[in-house]
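Have a look at the structure below before the remarks.
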Amino acid sequence: MTVLAVEHLAKSWGGVQAVAGVSFSLAAGEVLALIGPNGAGKSTCFNMLNGQVRPDSGRVLLAGRDITGMAPRHVFRLGVGRTFQITATFGAMSVRENVQVALLSQARGLGGLWRPMAGQKAAEAEALLDRVGMLEQAARPCGVLAYGDLKRVELAVALANTPRLLLMDEPTAGMAPAERIALMALTARLAKEGGIGVLFTEHDMDVVFAHADRIIVLDRGQLIAEGAPQEVRADPRVREVYLGTGATAGGH
Amino acid sequence: MSGVSRRVVMTGVLAAPMLARAQAGAPIKIGEVNSYTSQPAFLAPYRNSWILAVEQINAAGGINGRPLETIFRDDGGKPEDAVRHAGELINNEKVDLLAGGFLSNIGLALGDFANQNRKLYIASEPLTDALVWARGNRYTFRLRPSTYMQCAMLVEEAAKLPARRWAMVAPNYEYGQSSVRWFKELLTRAKPDVEFVAEQFPALGRIDAGATVQALAGARPEAIFNVTFGADLTNFVRQGNTRGLFEHRSVVSVLTGEPEYLEPLGDEAPEGWIVTGYPWEQIDNPTHTAFRAAYKARWNADPKLGSVVARDTVTAIAAALRKTSAIETEALIATFRGLTFPTSFGTGDVTFRAIDHQSTLGAFVGKTALRNGRGTMTDWRYADGAKYFPTDEVVRTLRTAPV
Amino acid sequence: MDDLVVQALSGLASASSLFLVASGLTVIFGVTRVVNFAHGSLYMLGAYVAWSLVTHGVFAFAGPFWQFWGGILGAAVVTAAIGAVIEVLLLRRIYRAPELFQLLATFGVVLVVQDVALWAWGAQDLLGPRAPMLRGAVRILGLRFPLYELFLIAVGPLVLAGLWLLFHRTRFGVLVRAATADREMVAALGVNQALLFTGVFALGAGLAGLGGALQLPRESVNLHMDLSTITEAFVVVVVGGLGSLTGAFLAALLIGELSAFGILILPKITLVLVFLVMAVVLVVRPYGLLGRAPQGLHASSGPPDPLLLPAPRALRQLGAVVLALLVGSAWVLPDYELSVLTEILVALLFAASLHFIMGPGGLASFGHAAYFGAGAYAAALLVQHAAAPMWAGMLLAPFAAGLLGLVFGWFCVRLSGVYAAMLTLAFAQIAWSTAFQWVEVTGGDNGILGVWPDAWAQPKPVFYLLALVLCVGGAMLLRRIVWAPFGAALRAGRDSPLRAEAIGIDTFRTRWMAFAISAAFAGVAGSVFAYAKGSVFPTYLGISRSVDALLMVLLGGVQTLSGPLLGAVALTGLQEQLMRGTDHWRLLLGATIILLVVFFPQGLAGAARAAWEKRA
């Protein structure tokens, strides 16, 4: 089943074509990597998917429903989880509270003025934190966490609405290599178990080739390659784009 | 206060209040609330004069053997703080009556407080008509000539001028607005063919003098009625002088002859304006001369109008206290109605009218002039306040409070 | 037609004067992010110092020309030095404090300067001499126009050009511009930041002093110059865009000309014009005419907010004891003490309501008195026009204030940082001028009298208990909301709008509702105050009441829930004691605030919390 279908998506910033007619699709349970050199349009493309950036043209379909240009908070309601390149968490709230807010939001319970939040969705929040390995730190404020831990909290938050699509912008940036593999292995397992489609961008080719089921490659706003990791690795155009970093791309 | 009299006060506080009051020698307490920190230029000469007046009364044996004591409180220019002080003065200091007030809204707040708490309040300075008319009450009396009276005094002179086209400038608040309203109404009545060609209402204390002067000049009036005062007046006069606004035009101006407003203008004081005010250095009758000399001796300064207001307030209160057997609010109200006392202007007796609790204290009307580099008044006369009231029937419709 | 040309010139002269003050303010804010409330005081000091230098003939030896102009320039230098002293002794210690905290310190300076100026120069307005060679007037289109005004028209652009050269042709200027754009970068470049800040503050103060000194031939020097200047200067800075000199210049032109022509059409517009301009500009352009979206204004300085923790047991026990004492007071304390306590309770709820939107909401309001006043007026108008009983007035108050909060909040919560704060101020001033000018309904500045409680509540102890229930109850309710999911959503939107939106939170709507809730509680405080005082005046909606609330929250500590409560008690209590005891209460209050700021940069509650945690 197709979770996400992107059709001819385009966006330009002040005359510069950042994304020029990109189309691809993502199936449930599939882990899809979006790669490309710096400035290829990955982030713009990514931000158009959950409504942070409005595309100039093209469509974004979530399980067949057109969500083009829909605001991020509405996209969330339709079952899309999201992590950010630079982590975005609530710094003056504890790790547990961060997840509780997301859970309550999903349950439309954030209007409550009377019953303290402490007792609401706490167990579910802790269950999620347990899955990403953050349970021990549940009471700490996010503002003081190490970067890698923040990425994990973000993942837990993104999973709070039991998403069918998970968008992860550089999910392992700033983490130690061992942590990266572990986090992506976890993500891949969650995807398979829950039938979640995962789209992620990543600079670390080890992570990409180890965990992606499929890879799409963007260069100067255009999709230049698409396929299984081995195919993409062998693609001459990809090799050309990554010439400067050819060692990374071809070294494995 | 000497150690002895402080002990007397302490005894008074410790003893039952009724007993203390009956006791000869226990002070009669006046609670005085005013905007000392926010309006120091006007209220420092006021308080000095008040202190002197009380000292003189006490030196002469006090009121039936009891000294007067004043407890001053600063309201910082806020009515809500004035009301709090009034509460403290009544409840903790057990004052026998309240006095003071400079800004109109504070006078009204204190008046309403007095009404609610059944305590006498003698408003000294506030000018608003509402204090004795629309919002007057049986507990509030006011000394100084009101906005209406000041305007009526000036209209009398303005009507004699040939000018038909008038422009008005007034600070944008109740005092300014009602001055303009009364002036227009009374002048139209006295001289039906006048025409009002421009009005400017600069924000109080923030006049944009250049633009205001130019806007007035643009209307080509033959005469100007000014209500601005203080810093606004200074800036208005400077711009007006430089731009020639006042040349070949009559200017009628409220309060400008009071030393409080005339002195800061220095050698730029305008000449020939028709004003209400207080030519303190020229009033040479015995009463006023004595007052001026005593004030100078005590404070090494010349009196301002505020000094007269303070002294007359104390004089009136003392006169009432002397005439009342029991120092008690209802008895004092009865005494104050129709109370007559001499003003330190030396122009004779002044009466608190029973009909609206307004005193008949007047003001001096004259023309401004420059002498030795300072502004002063010439051709002045004392305008007795008693002559500048609406008829009693009109006053009864204006004052709705039960008598 | 000729009249209009001269009117336009008058507007230009005012614009120049405005720009001079505003330029210093915008430079200071751009670099140090300090909302310098004392800028008006520096302006006033400039005028007073110039008056002294000129009239005492300090530079008389160089001839009459230099006696005057030497005095003007000397005043600017002296003011710059005063600014440098303030920066070194006071502000430098608190750059790391939470945002806006410096405002508290500069407000202390305002109070101190007021008393010092009164002591040094006396109460009477002082009239300075006119400028040599610029005394008279020239004829323009047949109308006389003062030479000095022409000179002023030239000074504005000259100062702008001078500052441009300074900022583009000197190393100091380049650093200032870099720091305005990105503070962290300059710190990273290894520049002596302390020295840079002192220099900038001195420059800004000097410009304020020059602005004040140049008014000498135009206006009398008086003790009200500080406060009458500061708001307009802020308006110019914000309308122009924070940190933008050209923007400030354009804003000054806009306001100068609109005032000059506005009074021809609507003479009474003087009260509110500048605030109308600011409201319109900020609604259309959220960062002013030439401003840019602030980069990290929220997290510009200081550590992130600490975690909100439930009060420790000891604190809750203490709270219960205090509450019991407060209830017991009704039977023990005399009337006046009870009325003071009532006022403190009102302040407490008012501060708590501001804190609700400022702390968890992350939106500082400089105009919270609007909602306090709305509650007070709602009750008073109901009494006056419908002779309604007290309960009706107290019931209507939160709805009226909340409704006003909904209307104003809809515009304000879209903005952030100082822009949002200034928009709240603009709306509050519009509300204030409505109460002030709509005499038929509100009674204008004479207010509404006779708003006394119903007979059963007139005894002071009864009314006090009622106030206790409403105010403490209200504050506890607000506290409850902060801990409830709605409060969490609000804090979430403050910490990271990006993340909040990504998990389905409508951050605009949440903040908007929070603003209305905060306004409603302020309205309750206002209605209690109205009945306690028996009268309602436009001052209830005035800037100084808004500032009071701000001071209470900052003094107590914005990052804790008990902070505003502590701040309200401290400020109201201190002021009551000092005002009763001495005419120099401003000096003492100002000095106390300064000391508290220096020693407790986290606020009183923050300091108490730190001490508690250290002990544990």
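Each value in this text was obtained by applying a stated rule to the coordinates, not by laboratory testing. Computed from a predicted structure; not experimentally measured. Positions of Cβ are generated from backbone atoms using ideal geometry, with glycine treated the same way; all protein chains shown enter the neighbour counts.
Rounded to the nearest 5, the antiparallel percentage of DSSP beta bridges internal to the protein assembly as shown is 50%.
Each of C:VAL418, B:VAL132, B:VAL194 was scored by other Cβ atoms within 10 Å of its Cβ. Listed from fewest to most, they are B:VAL194, C:VAL418, B:VAL132. Between the residues C:THR434, C:ALA213, C:ALA500, the greatest Cα displacement towards the positive end of the dipole of chain C, with unit charges on the Cβ of Lys, Arg, Asp and Glu, is found for C:ALA500. Close amide-amide hydrogen proximity is noted between A:ASP219 and A:ILE224, each under 5 Å apart and 5 or more residues distant or on a separate chain (H modeled in the peptide plane; Pro and chain starts excluded). For chain C, the longest piece that avoids every one of the trypsin sites (Lys or Arg not before Pro) found in DSSP loops with at most 14 other C-beta atoms within 10 Å covers C:293-616. Multiplying each eigenvalue of the alpha-carbon gyration tensor of the stretch C:326-615 by 5 and taking the square root yields semi-axes of 28, 24, 18 Å, largest first, rounded to whole angstroms. Helix C:369-386 and the long axis of chain C differ in direction by around 60°, with both axes built from C-alpha atoms. Amide H to amide H distances under 5 Å link B:VAL251 with B:ILE224, B:ILE274, where only residues 5 or more positions off or on other chains count and H is placed in the peptide plane.
Seen against the Cα atoms of chain B and their longest principal axis, helix B:147-158 is set at about 40 degrees. How big, in percent, is the set of alpha carbon pairs in the stretch C:2-284 lying more than 23 Å apart? Result for the distance tail: 54 percent. If R0 is 22 Å, what FRET efficiency do you get for B:ALA293 and B:ILE51 from their C-beta distance, rounded to 0.05? That pair, B:ALA293 with B:ILE51, gives E of 0.85. Taking θ as phi - 60° and the Karplus parameters 6.51, -1.76 and 1.60, the scalar couplings of the stretch A:215-232 work out to 10, 10, 10, 10, 9, 6, x, 10, 7, 10, 7, 7, x, 5, x, 4, 4, 5 Hz in sequence order, x denoting glycine and proline. Taking the C-alpha atoms only, the angle from helix C:585-599 to the longest principal axis of chain C is near 80 degrees. Directionally averaged projected area (the protein assembly as shown, Cα convex hull): 52.9 nm².
Net charge dipole, the protein assembly as shown: roughly 940 debye, given to the nearest 20, about the Cα centre with Cβ charges of +1 for Lys and Arg and -1 for Asp and Glu. Express the relative contact order of the stretch C:42-123 as a whole percentage, based on alpha carbon pairs under 8 Å and six or more residues apart in sequence. Normalised by residue count, the contact order of the stretch C:42-123 is 25 percent. Mean partner shielding of peptide C:263-274, defined as the number of other chain Cβ atoms within 10 Å of each residue Cβ, is 5. Put simply, the amide H of B:LEU204, placed in the peptide plane, has neighbours under 5 Å in B:ASN172, leaving out anything fewer than 5 places away on its chain. Note on the stretch A:9-25 and the stretch A:208-224: Cα centroid distance 16 Å, given to the nearest whole angstrom. Distance between the C-alpha centres of the stretch B:122-195 and the stretch C:446-481: 39 Å, rounded to the whole angstrom. The charge dipole of chain C, taken about its Cα centre with unit charges on the Cβ of Lys, Arg, Asp and Glu (plus for the first two, minus for the last two), comes to roughly 1300 debye. In order along the stretch A:189-205, the Karplus-derived 3J(HN,Hα) couplings, from 6.51 cos²θ - 1.76 cosθ + 1.60 at θ = phi - 60°, round to 5, 4, 4, 5, 5, x, x, 8, x, 10, 10, 9, 9, 6, 8, 7, 5 Hz, and Gly and Pro are given as x. Checking every one of the trypsin sites (Lys or Arg not before Pro) in the stretch B:114-197 against DSSP loop status and a limit of 15 other Cβ atoms within 10 Å picks out B:ARG118, B:LYS160, B:ARG164. Taken residue by residue and averaged, Cβ atoms of other chains lying within 10 Å of the Cβ of C:123-131 number 6. Only helices enter the 222 nm calculation for the protein assembly as shown: every DSSP H run of n ≥ 4 contributes -39,500 (n - 2.57), and dividing by all residues gives -18000 deg cm²/dmol, rounded to 500. 3J(HN,Hα) along the stretch C:517-526: 4, 4, 5, 4, 5, 4, x, 4, 4, x Hz, from the Karplus curve 6.51 cos²θ - 1.76 cosθ + 1.60 with θ = phi - 60°, whole Hz, x for Gly and Pro. Looking at the stretch A:91-169, the trypsin sites (Lys or Arg not before Pro) that sit in a DSSP loop and have at most 15 other Cβ atoms within 10 Å of their own Cβ are A:ARG108. Inter-chain Cβ neighbour count for C:100-112, averaged per residue, equals 0 (cutoff 10 Å, partner chain atoms only).
Dipole orientation for the protein assembly as shown: of the candidates B:ILE28, C:HIS168, B:ALA190, B:ILE28 has the Cα lying most toward the positive pole (charges on Cβ; Lys, Arg +1; Asp, Glu -1).
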